[in-house]
Amino acid sequence: MSSTIVICSIFYDGQFWVAEFERYSQNTLQTARHIFGPEPNNAELREWSAIVSKNLKWSQAVQSSAPHEEQRLNPKRAKRLAIKQRKIIGLSNKAHDAMKIARHFNNKASSNTC
C-alpha cells in the first residue's frame, strides 16, 4: 500500500512569508514553494489551502525515503519538540537539493526558448 506524506513549513525568511512543501510518495521526494508576501492571517491560509494549493508547481521527483512516522508523544514532550521545530527554518537537505535541481531545469528550459 503506497501512501503520500506532505509536510508544510510556513516561515518568515527575512523579507516575505513563505510556505514550503515536501511530498514523499513511493520513495520519491517532490518540493514546492509559495511566497505569501505579508504575513497571512488564518482566513487567508484557509482560502489559500482550499484554492491555490491544488495548483502548486511540484519539482521533479528525486529518490528519497519517507520521513519516519513518530509514535504518539506525551503532550509536554510534543510541545517542547514543536518549540524546537519553530526555531528551525527551511526545508530538509534533501528537499533543498530537489529545489536546486528544479531551479536548474527551469533555468535551462527558459534559456532554450530564447
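The values are calculated or read from the model by the stated rules, or taken from the named source; none is laboratory data. What you are looking at is a predicted structure, and each value in this text was computed from that prediction instead of being measured. Cβ placement follows ideal geometry from the backbone for every residue including glycine, while neighbour counts extend to all protein chains displayed.
Brief remarks on what is shown
- The lone criterion from (1) surrounded by 15 or more Cβ atoms within 10 Å (Cβ to Cβ); (2) closer than 13 Å to ALA95 by Cα; (3) not aromatic (Phe, Trp, Tyr) left unmet by CYS8 is number (1).
- The strands (runs of 3 or more DSSP E) located wholly in the range 1-48 that include 2 or more residues which are of a type in the set (Asp, Glu) occupy 17-25.
- SER64 vs. criteria in contact with a Lys or Arg (Cβ under 7 Å, 6 or more places away or on another chain), over 20 Å from LYS87 (Cα atoms) and modelled with pLDDT under 85: yes
- Unmet criterion (only one of (1) closer than 24 Å to SER3 by Cβ; (2) at pLDDT 80 or above; (3) surrounded by 12 or more Cβ atoms within 10 Å (Cβ to Cβ)) for ASN106: (1)
- Consider the range 26-59 and keep the residues that are of a type in the set (Gly, Ala, Ser) and modelled with pLDDT of 85 or more. The one that is surrounded by the most Cβ atoms within 10 Å (Cβ to Cβ) is ALA32.
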